[in-house]
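Structure, as structure tokens:
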Amino acid sequence: MSTAGHTAAGAAHTAGETIELPWHAEPSFNCFGCSPRNPIGLGLRLKQLPNGDYAAETAFSENYASYPGIVHGGIVNVLVDEVMGDALALTHGLLAFSVTLRSKMLLPLRVAETYLTVARVSGRGNGVLHTEAEITGPGGELHVMATGTYQPIRSEQAKTLMELDDAAFGRVRHYFDHGTGES
């Protein structure tokens, strides 16, 4: 379970083993959402659910609050973006940039409570992939619904935008230049 800001949380919601994200081995990747090396990041750990969806449990400390005791909405959007992006990376073996992110905040997230974010790839076409996610609270109540559209990263984008040297690019090149096709 991720304990963003190092806050301990309650009982586990998800079954299964934590997935070791393959890009964690790349020292140049310091993702705010999932990297175990990012000292201020969320440190998310994903599991695959029996139905094929991907999930992460998260509890936030006061470091991620906006109003007292309430998690900042921007951080909530980071959470759904990260889990949706990881779901498509694990499903399709590619890395992608967020193109759109839409979220509907039904209930605020509170610091020090455990939330479950579940995401899945919902479609593909016109060169992009579509995802959806929801965040539920400790009692199973729905807090957030989200959708996202992602553009697979091309090799030239990775080299230029990420400033990867030849060695780093060689280690991660298989995550780029994937066609999305139609579903």
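For the chain, what value does the Rg/Rh ratio take when both radii are computed over Cα atoms and Rh is the Kirkwood radius, given to two decimals? Intermediate results must be reported in sequence, preceding the final value.
Values: Rg = 16.2 Å, Rh = 16.8 Å.
Rg/Rh: 0.96.
Per residue, how many Å² of accessible area does the chain show with a 1.4 Å probe? Can you show the working numbers first?
Details: 8940 Å² over 183 residues.
Value returned for the chain: 49 Å² of accessible area per residue.
If you look at just the Cα atoms of the range 42-91, how large are its Rg and its Dmax in Å?
In order Rg, Dmax, the Cα atoms of the range 42-91 give 12.4, 37 Å.
What translational diffusion coefficient, in µm²/s and rounded to a whole number, does the Stokes-Einstein relation yield for the range 70-153 at 4 °C and a viscosity of 1.567 mPa s, taking the hydrodynamic radius as the Kirkwood radius over Cα pairs?
Once the numbers are plugged in, D ends up at 100 µm²/s.
If I compute solvent accessible area with a 1.4 Å probe over the protein chains, what percent of it on the range 1-150 is carbon and sulfur?
Ligands and nucleic acids excluded, carbon and sulfur give 55 percent.
What ranking, highest mean first, results for peptides 167-175, 28-36, 42-50 when packing means the other Cβ atoms within 10 Å averaged over each residue? Write down the numbers at each step before the final one.
Values: 167-175: 14.7, 28-36: 17.4, 42-50: 19.0.
Most protected by this proxy first, the peptides run 42-50, 28-36, 167-175.
Which one, 158, 133, 112, has the greatest fluctuation when you compute a Gaussian network model over the chain with C-alpha springs under 10 angstrom?
Most flexible of the set in this elastic network: 158.
About the Cα centre, and with charges only on the beta carbon of Lys, Arg (+1) and Asp, Glu (-1), how big is the dipole of the chain? Nearest 20 debye, please.
Computed about the Cα centre, the dipole is about 120 debye.
Given the rule -39500 (n - 2.57) for each run of at least 4 DSSP H residues, summed and divided by the residues of the chain, what is its mean residue ellipticity at 222 nm, to the nearest 500 deg cm²/dmol?
The helix-only estimate for the chain comes to -5500 deg cm²/dmol at 222 nm.
Once both axes come from the Cα atoms, what is the angle between helix 73-92 and the longest principal axis of the chain, in degrees from 0 to 90, rounded to 10?
50 degrees
The values are calculated or read from the model by the stated rules, or taken from the named source; none is laboratory data. Here the structure is a predicted model, which is why all the values come from computation and not from measurement. No Cβ is skipped: glycine too gets one built from the backbone with ideal geometry, and neighbour counts run over all protein chains shown. Accessible surface areas use protein heavy atoms only, side chains included; no ligands, DNA or RNA. Shrake-Rupley method; radii C 1.70, N 1.55, O 1.52, S 1.80 Å.
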